[in-house]
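This report refers to the structure that appears directly beneath it.
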Amino acid sequence: DPQAGRPAARLAAVLAAGGIDVAHAHLLEAEDLRHLGEAGIPVALTLHNQRPGWPAGTDSLQAGDASLLVACSRAVERDVAEAGLGSPCRTVWNGIDFGRFGPAPAESGRDWRAQLGFGPLDFVMLALANPRPQKRLERLPEILRDLRTALLRDGIERQARLIVAGSPSEASPPALRARDAFQQAVDRLGLGDHVRITGSVTDVTPLLRAADVL
């Protein structure tokens with residue numbers, strides 16, 4: 001089977017062998033979803049993005065490829081309807097636990113700045129995003145450059161900096177290309193001294209404390 005080496009094919013075999021009743025999937029391409037379906041595993045597929053950000057093949061899913069589509073907004077649900085996807089769709093809004101972002105010691109943010117080599121007066125921009133094409137991270141270096149130029153022009157003695165927290169999926173070529181496009185933009189503009197990439201961060205609250213703008 002030429003497809004047997006695909007991660008989704010191996011996952012389908014593992015789930016079937018384990019007697020799994022239903023799988024919740026996110027960011028799987030259509031071909032991978034079909035492997036799960038062929039293994040007899042119902043799939044609830046979450047769509048967090050509007051149509052331009054869907055994984056490959058999502059806009060041509062057929063009835064049965066996913067047992068349920070879960071949209072994160074009404075706009076996404078409308079895109080599902082307009083695409084004519086054959087599966088039922090429900091909207092479940094993303095939720096935020098505001099209690100986690102209540103008052104916290106200011107030292108946590110200062111510690112992050114010091115760890116990254118940024119000063120207390122720096123103007124720090126923060127992007128919380130795993131590299132993927134729809135995140136458009138490659139646009140951020142130009143924004144940083146323009147902000148630095150504006151601060152210098154206006155005589156404001158603050159250094160503009162950028163933190164990107166998140167990691168690409170090593171199994172996703174589009175995610176890796178998005179990561180590389182971001183790094184290439186940083187290098188092209190000579191901004192390496194002002195950009196930090198932290199990778200995945202379990203608790204982002206201190207990072208938010210360290211930033212001036214998200």
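The values are calculated or read from the model by the stated rules, or taken from the named source; none is laboratory data. Since the model is a prediction, treat every value here as computed from it, not as a measurement. Note: ideal-geometry Cβ built from the backbone for every residue, glycine included; neighbour counts use all protein chains shown. Accessible surface is based on the protein model in full, side chains and every heavy atom, while ligands, DNA and RNA are left aside. Shrake-Rupley method; radii C 1.70, N 1.55, O 1.52, S 1.80 Å.
At-a-glance table
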item: Lone unmet requirement of (1) in contact with an Asp or Glu (Cβ under 6 Å, 6 or more places away or on another chain); (2) more than 30 Å from Gly37 (Cα to Cα); (3) not basic (Lys, Arg) for Leu144; result: (1)
item: In the stretch 64-89, the residues that are part of a strand (DSSP E or B) and touching a Ser or Thr at 6+ places or on another chain (Cβ under 6 Å); result: Ala66, Leu69, Val70, Ala71
item: Candidates Arg74, Arg34, Arg139 - the one that is open to solvent by 70 Å² or more (accessible area, probe 1.4 Å) and within 30 Å of Leu152 (Cα to Cα); result: Arg139
item: Subset tally (residues that are more than 20 Å from Val201 (Cβ to Cβ), assigned to a helix (DSSP H, G or I) and under 13 Å from the mean Cα position of the chain (by Cα)) for the stretch 109-146; result: 2
item: Search result, residues across the stretch 32-58 that are of a type in the set (Val, Ile, Thr), farther than 20 Å from Lys135 by Cα and assigned to a strand (DSSP E or B); result: Val43
item: Filter result for the condition that a residue is over 28 Å from Thr205 (Cβ atoms), without any contact (Cβ under 8 Å) to a residue 40 or more places away in the chain and either open to solvent by less than 40 Å² (accessible area, probe 1.4 Å) or among the small types (Gly, Ala, Ser) (or both), over Ala44, Ala66; result: Ala44
item: Filter result for Ala181 (assigned to a helix (DSSP H, G or I) and open to solvent by less than 30 Å² (accessible area, probe 1.4 Å)); result: no
item: Members of the stretch 196-211 that are part of a loop (DSSP other than H, G, I, E, B) and either among the basic types (Lys, Arg) or open to solvent by less than 50 Å² (accessible area, probe 1.4 Å) (or both); result: Val201, Val204, Ala211
item: Residue check for Arg113: open to solvent by less than 60 Å² (accessible area, probe 1.4 Å), among the charged types (D, E, K, R) and touching a residue at least 40 places away in the same chain (Cβ under 8 Å); result: yes
item: Test: Ala83 is more than 30 Å from Asp193 (Cα to Cα) and either open to solvent by less than 50 Å² (accessible area, probe 1.4 Å) or at pLDDT 95 or above (or both); result: yes
item: Test set (1) at pLDDT below 95; (2) surrounded by fewer than 19 Cβ atoms within 10 Å (Cβ to Cβ); (3) touching a Pro at 6+ places or on another chain (Cβ under 9 Å) - Arg188 fails condition number; result: (1)
